[in-house]
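Colleague: Could you have a look at this structure, given as structure tokens, before my questions?
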Amino acid sequence: MRIGLGLPAAIAGSPAGLTLEWARLAETGPFDSLALHDRLAFESLEPITTLAAVAAVTRRIRLACLVLIAPLRGSAVMLGKQLRTVAALAGPSRLTIGLGVGPRRDDYEAAGLPFEQRSRMLDEQLVDLLPLLGRDVELLTGGSGRAALGRLVRAADGFCHEGGDPQAFHNAADRARIAWSESGRPGRPRLWSLGYFALGPGSPRTGRQALERYYSFTGGHAARIAAGLLTSADAISAYCEGYREAGCDELVLFPTVADLSQVEQLGRALQERRR
């Protein structure tokens, strides 16, 4: 299983310049990918332009968005142009984009788009988007409902899970593999998932507060997400092992504290796990 590192671009208050420093440092570490989230109505960096900037300061590491809320982008032609541009700047086989509808109504209200029509809008986008991308971009789909699985088998290279309990990932991955097989597609889908971490003195409290703020739209569920924060090397090792056993191909660990030392601390935790 490959392990990626999230960028701090969606931590409220994180300075924009930290994202590029973070990417440069991650490039030298034991990480296989760099990823970020997508929000519109939140204090965060826009993911496509951020990935273009990160592509300019890295050479090796894979770049990913988990997941891009495609209906917010409108025209499939424009979105295709943007993604091909990032792929060209990054170089061959370095860009992975998860496509999803997003669960937050406020993002659609900010864009002036109907929240209830988001699934239909994504399906329509995909018809025009796929021929524009060719093989320049590895595509994932987010979500595990019937519509999301349909997009997986029609249009994507793999599936991105929302994170949490490895058993929940295992169950969702099984549904993805079954749908893939029943559709007649050869091989199997690439399987991605994610988790959140905060390491070092004082970091767990700050990290939980950041998660509760980011997921406040879920109501009481935000506290349960925050309770799953990985706050020690042992917790990270157990989480990674659970996902490895569940068949995950790439697990991305996202920061919840906007401090460059988090990159080094996670790198050390992963190196200890591999010994």
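Colleague: Return the only residue of 43, 21 being surrounded by fewer than 16 Cβ atoms within 10 Å (Cβ to Cβ) and assigned to a helix (DSSP H, G or I).
Modeller: Exactly one of 43, 21 is surrounded by fewer than 16 Cβ atoms within 10 Å (Cβ to Cβ) and assigned to a helix (DSSP H, G or I), namely 21.
Colleague: Okay, next question. Are any residues in the stretch 132-166 aromatic (Phe, Trp, Tyr) and in a helix (DSSP H, G or I), and if so, which ones?
Modeller: Across the stretch 132-166, there are no qualifying residues.
Colleague: Of the residues that sit in the stretch 212-249 and are part of a helix (DSSP H, G or I) and among the β-branched types (Val, Ile, Thr), which one is surrounded by the fewest Cβ atoms within 10 Å (Cβ to Cβ)?
Modeller: That would be 218.
Colleague: What are the residues in the stretch 53-92 that are touching a residue at least 40 places away in the same chain (Cβ under 8 Å), of a type outside the set (A, V, I, L, M, F, W, C) and surrounded by fewer than 16 Cβ atoms within 10 Å (Cβ to Cβ), if any?
Modeller: Within the stretch 53-92, 81 is the sole residue that qualifies.
Colleague: Here's something else I'd like to know. Can you tell me how many residues in the stretch 46-63 are in a helix (DSSP H, G or I) and under 13 Å from the mean Cα position of the chain (by Cα)?
Modeller: Residues meeting the conditions: 3.
Colleague: Looking only at residues in the stretch 158-171 that are within 14 Å of residue 191 (Cα to Cα) and within 15 Å of the chain's Cα centre (by Cα), which one is surrounded by the fewest Cβ atoms within 10 Å (Cβ to Cβ)?
Modeller: Going through the qualifying residues, I end up with 162.
Colleague: Within the stretch 167-178, is there a residue that is in contact with a Cys (Cβ under 7 Å, 6 or more places away or on another chain) and modelled with pLDDT of 95 or more?
Modeller: Yes; the residues of the stretch 167-178 include at least one that is in contact with a Cys (Cβ under 7 Å, 6 or more places away or on another chain) and modelled with pLDDT of 95 or more.
Colleague: Among the residues that make up the stretch 201-211, is at least one of them assigned to a loop (DSSP other than H, G, I, E, B), among the aliphatic types (A, V, I, L, M) and modelled with pLDDT of 95 or more?
Modeller: Checked against the condition, which is being assigned to a loop (DSSP other than H, G, I, E, B), among the aliphatic types (A, V, I, L, M) and modelled with pLDDT of 95 or more, the stretch 201-211 yields no hits at all.
Colleague: So is residue 207 in contact with a Phe, Trp or Tyr (Cβ under 8 Å, 6 or more places away or on another chain), surrounded by 13 or more Cβ atoms within 10 Å (Cβ to Cβ), over 20 Å from residue 169 (Cβ atoms) and not polar (S, T, N, Q) or not?
Modeller: Yes, satisfied.
Colleague: May I pose another question? Mind listing just one residue for me: the one in the stretch 94-108 that is in contact with a Lys or Arg (Cβ under 8 Å, 6 or more places away or on another chain) and part of a loop (DSSP other than H, G, I, E, B) and, of those, surrounded by the fewest Cβ atoms within 10 Å (Cβ to Cβ)?
Modeller: Step by step, filter the stretch 94-108, then rank; the result is 104.
Colleague: Select, from 132, 122, 126, the only residue that is farther than 16 Å from residue 67 by Cβ, in contact (Cβ under 8 Å) with a residue 24 or more places away in the chain and surrounded by 14 or more Cβ atoms within 10 Å (Cβ to Cβ).
Modeller: After ruling out the rest, the residue left standing is 132.
Colleague: Something else now. Could you tell me which residue of the stretch 24-40 is nearest to residue 209 (Cα to Cα), considering only residues that are free of Cβ contacts under 8 Å to residues at least 40 places away in the same chain and either in a helix (DSSP H, G or I) or under 12 Å from the mean Cα position of the chain (by Cα) (or both)?
Modeller: It comes out as 36.
The values are calculated or read from the model by the stated rules, or taken from the named source; none is laboratory data. Predicted model only: the values in this text are computed from it and were never measured. Ideal geometry is used to build each Cβ from the backbone, glycine not excepted, and the neighbour counts take in all protein chains shown.
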